[in-house]
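Step one of this worksheet: look at the structure below.
The values are calculated or read from the model by the stated rules, or taken from the named source; none is laboratory data. Note that the coordinates shown come from a computational prediction; the quantities given were computed from them, not determined experimentally. Neighbour counts are summed over all protein chains in view; Cβ atoms, including those assigned to glycine, are modelled from backbone coordinates with ideal geometry.
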Amino acid sequence: MRVIAGSAKGIQLQPVPGSGTRPISDRVKESVFNILGAWIVDAHVLDLFAGTGSVGIEALSRGAAGVTFVERYARAASVIRDNLRRTRLEAGARIVQADVFSYLAGEPEPFDLVYIAPPQYQGLWRATLLALEANPGWLRPDGLAIVQIFPKELEPVPLTHLVLTDERKYGSTLLCFYEPSLPGRERD
């Protein structure tokens with residue numbers, strides 16, 4: 001697991017010990033950021049179920065203005081801190097050690113990108129989308145939420161503020177792209 005491009009290109013990231021996290025593969029991460037392209041520059045990113053911090057660190061390396069990492073587990077939060085130090089990207093980062101749902105129940109702060117990669121087969125991706133739906137202020141009108149799940153987990157979610165606009169499958173990973181169903185959602 002490494003940083004693919006940008007200011008920290010090539011730096012190896014440390015994994016979270018044990019089997020509690022499911023890091024994104026370099027291939028999938030590269031695909032995500034190829035899709036986002038230059039749009040990520042100056043973006044504000046919310047990395048939920050952050051694990052190793054790989055997605056948020058990639059965003060910072062590629063020019064994101066800031067990333068908030070939300071991770072419940074102390075060991076994973078410590079790995080994110082270490083990976084930020086290794087990449088020298090601490091300045092643009094904020095680590096919140098909290099439960100994702102408690103965090104999302106708080107006062108919303110608008111983000112350009114919300115990345116959701118929870119543990120598999122617990123329905124957490126669906127619950128997270130519903131939490132964003134209940135409090136749409138977390139996502140800017142031209143923002144994007146990306147859900148990373150195992151393809152067999154996909155099921156319809158009753159949403160009115162978010163709309164599924166794209167799906168991309170990479171082996172055993174499915175990325176679902178949701179945008180606000182509001183005017184002005186076009187991205188550059």
Residue hits (the stretch 62-100; in a helix (DSSP H, G or I) and among the charged types (D, E, K, R)) are Arg75, Arg81, Asp82, Arg85, Arg86, Glu90
The residue from Val96, Val157 that alone is over 17 Å from the mean Cα position of the chain (by Cα) and under 29 Å from Arg27 (Cβ atoms) is Val157
Taking the stretch 126-177 and keeping residues free of Cβ contacts under 8 Å to residues at least 24 places away in the same chain and either buried (at least 18 other Cβ atoms within 10 Å of the Cβ) or touching a Cys at 6+ places or on another chain (Cβ under 8 Å) (or both) leaves Leu154, Leu164, Asp166, Glu167
**Message:** Scan the stretch 72-90 and tell me whether some residue there is aromatic (Phe, Trp, Tyr) and touching a Gly at 6+ places or on another chain (Cβ under 6 Å).
**Reply:** no
Exactly one of Glu58, Glu71 is within 20 Å of Pro17 (Cβ to Cβ), over 10 Å from the mean Cα position of the chain (by Cα) and surrounded by 15 or more Cβ atoms within 10 Å (Cβ to Cβ), and that residue is Glu71
Expected single match for basic (Lys, Arg) and touching a residue at least 60 places away in the same chain (Cβ under 8 Å) among Arg86, Arg81 is Arg86
| request: Look at Val28 and say whether it is assigned to a helix (DSSP H, G or I), in contact (Cβ under 8 Å) with a residue 40 or more places away in the chain and over 21 Å from Glu167 (Cα atoms). | output: no
Is it true that some residue in the stretch 87-98 is in contact with a Phe, Trp or Tyr (Cβ under 8 Å, 6 or more places away or on another chain), modelled with pLDDT of 95 or more, within 18 Å of Val45 (Cα to Cα) and loosely packed, with under 14 Cβ neighbours inside 10 Å?
yes
